[in-house]
Structure formats: structure tokens, C-alpha cells
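Input: a single structure, listed below in C-alpha cells.
Coordinate-derived values only; no laboratory data. Given the structure is predicted, the values throughout are model-derived calculations rather than measurements.
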């Protein structure tokens, strides 16, 4: 042990700056990934007529200070209602920052919720599952400072269709991140697939399973069926890395854009998976998280 009491053989826990950088890189990685069905990517706005890639990248960078403040708060405060309410306050400030940068366009509200909780939990966790459980504990705590009457489109869809939604996903310790996206991502890499393909297949598997409230808000149950079945078909054809899978992916993209369906909840959970994948947990070398270039085939 050193004079400071630290074991020189142990990897120090990630700093607030490292966690904030990881969250921003995860948002950038999700935005840059192409071709994503219905979502903003390098090709354009997907199902959105009010967003494009530069706007998403600017929004991601604008949230860096929020993620750092979240990590700082989690480091200095004990887990409890006080921390939960401080995280809520910081999240609402971050939301206002996002809307100012985007001129009122909701680019990352869902991602801010998921990544904010994971950033807060990651600083005191020893691995991704522990971080997800810590985030679940925070999500379950009440925030008495939420302004009355604050109901998002996703929450309205959750209530109307009786699905889990973003809050329940967090309270359940992010099962679509821990049990779906991350395993698929790592199996694809182990099989030698390109990073772009691994990420697309991870996104598609989440899309095939998630009751995405972003989709339900725009397209109802029929829209959700189109998204889930379409993603299942791409994977059944071998995924984004095969000729038939890529053709099915582009067909799905055209269908979602024509119906104005955006699987934004799935995109948020992919970003959460990319974040957890790059955190320098003690005893594990993180994935580099380098931004991937689009496939030119």
C-alpha cells in the first residue's frame, strides 16, 4: 500500500471526467452508427424531419457537463433520496441545456435518463451488472422535486398500452442492455464481425424485443409490430453483415421512414450498452469505443 492508502496494483475507479467522456462517446457512437432503421445516422434524419446527425452530435457534446456533474454528485453523496433528487435536478438542467442547443428538439431526453443513472452508479461499481443494479436502486427512489404535471410522450404511451417504459427498464436493472445488447455485441465481435455490424445486430436484437414507447407513441401497437417483426427478419437472414440481412435491413429502414416510426428507445439502450462496454472497470480492459466508419460495400 502507498502512503495514500491506495493499492498500486488496483485500477482506480473511473473519474467523473472519464465517465462523462464515456457517456458522450456512447451517444456519438449510437448517432454515427449507420445504417440504422428509422433513426438519425450518417445518411440523414431517418423518420425524423426535425433532426440530423450534426444536431445529435451537438446535443451529445452539450450534455458532457451534465454527466460530469452527475458523476461528481454520486461520488460525494450517499445513495438515498437526497442523491436521487440531486440527480433529478441535474437531469432537468441538462434537459434544458439540450433543448437550448437543439432549439427545442428532444434529441436525447431518454438517453439522458438512462445514461445519467448509469454514470451515477458506475463510479462506485465494480462492473456493469453492479452498475445496472445501482442504477435500478436510484431509479426506484422518489424524486419529490419533479414539477407537477410533467408527463412525457413515452410515459403516456406506457400508460396507454400497459408496457414497461424507460423507468421500468431502469428499475429492472436494464435487462435489455445487460442481457440482450451487451451479449450480442460481444458474441458478434468474438465471431470476427466488424464493429459496425456488431453494433447494428445488437440494436436489432433490442428492437426485436423491446416495447419501445417511442414507437408506440408514433405508431401504436401496429407500429411496434412492424418494428419488432422487421428486426427479427433481419436477424433471421443472418444480421447486418450478410447480403440478405443487409437487404432486409434496408427494407425495414424504408418501411419505418415511410411510417414515421423511430425506435428511439432501442437507440437509447444501445448507447447505454456502449457506455458500459467502455467503462474501465477494475480488472478488465474496456473496449476502445472508437468511432466506427460506415460500411462502403
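Distance between the C-alpha centres of segment 154-231 and segment 70-101: 25 Å, rounded to the whole angstrom. If a/c stays under 1.5 just call it rounded; otherwise compare a/b with b/c (prolate if a/b is bigger, oblate if not). Do that for segment 1-152, with a ≥ b ≥ c from the square roots of the Cα gyration tensor eigenvalues. Oblate, because a/c is 1.5 or more while a/b does not exceed b/c. Taking the C-alpha atoms only, the angle from helix 243-259 to the longest principal axis of the chain is near 90 degrees. Compared with the dominant principal axis of the Cα atoms in the chain, helix 109-122 is inclined by about 40°.
Projecting the alpha carbon convex hull of segment 156-216 along each direction and taking the average yields 4.3 nm².
Taking only Cα atoms, what is the 0 to 90° angle, nearest 10, from helix 16-32's long axis to the longest principal axis of the chain? Helix 16-32 and the main axis of the chain meet at about 0 degrees.
For mean projected area of the Cα convex hull in nm², the candidate list reads [x] 15.2; [y] 18.6; [z] 14.3; the entry that matches the value derived from this model is [x].
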